[in-house]
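The values are calculated or read from the model by the stated rules, or taken from the named source; none is laboratory data. Please read these numbers as outputs of a predicted model, since none were measured by experiment. When we count neighbours, we look across all protein chains shown, and the Cβ atoms used for this are built from the backbone with ideal geometry, even at glycine. Each accessible area value is taken on the protein alone, full model and side chains, heavy atoms only, with ligands, DNA and RNA left out. Shrake-Rupley method; radii C 1.70, N 1.55, O 1.52, S 1.80 Å.
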Amino acid sequence: MARITILQNSSDAINVPAGTVLFRRGDPADEMYVVLDGEIEVSAEGTQLGTARRGESLGEMALIDNVVRSAMAVAKTDARVVPIDRRRFLFMVEETPNFALQLLSIMAERLRDDRLVG
């Protein structure tokens with residue numbers, strides 16, 4: 001599985017206690033997250049869509065297409081995440097090709113998994 005490794009030593013990681021909601025469906029998309037430790041569950045309309053673990057991202061779709069959140073993200077366990085706002089996201093995509101490739105790899109894997117299930 002693809003992982004985002006460039007942020008593993010990020011000094012701006014935040015601690016997220018289990019049960020904390022990172023975002024809800026319909027919220028404005030102001031940040032994406034990269035999970036450093038723990039698990040974040042992503043669901044929509046009561047259906048679990050997946051769990052983001054170490055090195056995985058969540059919330060990037062809404063940043064990319066600039067629409068409101070299509071799902072809800074809740075910390076399944078205590079976790080550490082790196083929030084990435086739109087400005088930082090655009091900078092990293094432009095200046096750090098490895099970040100962009102890792103993010104695209106994660107998204108491609110999700111699309112393939114969805115096709116297999118659906």
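So for SER57, SER105, what's the accessible-area order with a 1.4 Å probe, most first?
The ordering from most to least exposed comes out as SER105, SER57.
Extending each Cα 7 Å along its Cβ direction at ASN98 and LEU111, get the distance between those two points in nm, one decimal.
2.4 nm
Step through the residues of segment 80-92 one at a time and calculate ³J(HN,Hα) from phi using the Karplus curve (6.51 cos²θ - 1.76 cosθ + 1.60, θ = phi - 60°), rounding each to whole Hz and writing x for Gly and Pro.
Rounded to whole hertz, the list is 10, 10, 10, x, 10, 7, 4, 4, 5, 4, 4, 4, 5.
Any idea of the accessible area per residue across the chain, 1.4 Å probe, to the nearest Å²?
I get 59 Å² per residue for the chain.
Need one number for segment 1-63: average projected area of the convex hull over its C-alpha atoms, nm².
Over all viewing directions, segment 1-63 projects a mean Cα-hull area of 4.8 nm².
Average projected area of the Cα convex hull of segment 14-105, in nm²?
For the Cα atoms of segment 14-105, the hull's average projected area reads 5.4 nm².
What is the set of long-range amide H partners of ASP78 at a cut-off below 5 Å, with H atoms built 1.01 Å from backbone N?
Answer set, sorted by chain and number: ALA18.
Given 0.36 nm per residue, what is the gain on full extension from ARG80 to VAL68 after removing their alpha carbon distance, in nm?
Taking 0.36 nm per residue and subtracting the Cα distance, the gain is 2.0 nm.
How much of the accessible area of the chain, in percent, comes from carbon and sulfur atoms when a 1.4 Å probe is used?
Reported share for carbon and sulfur atoms: 53 percent.
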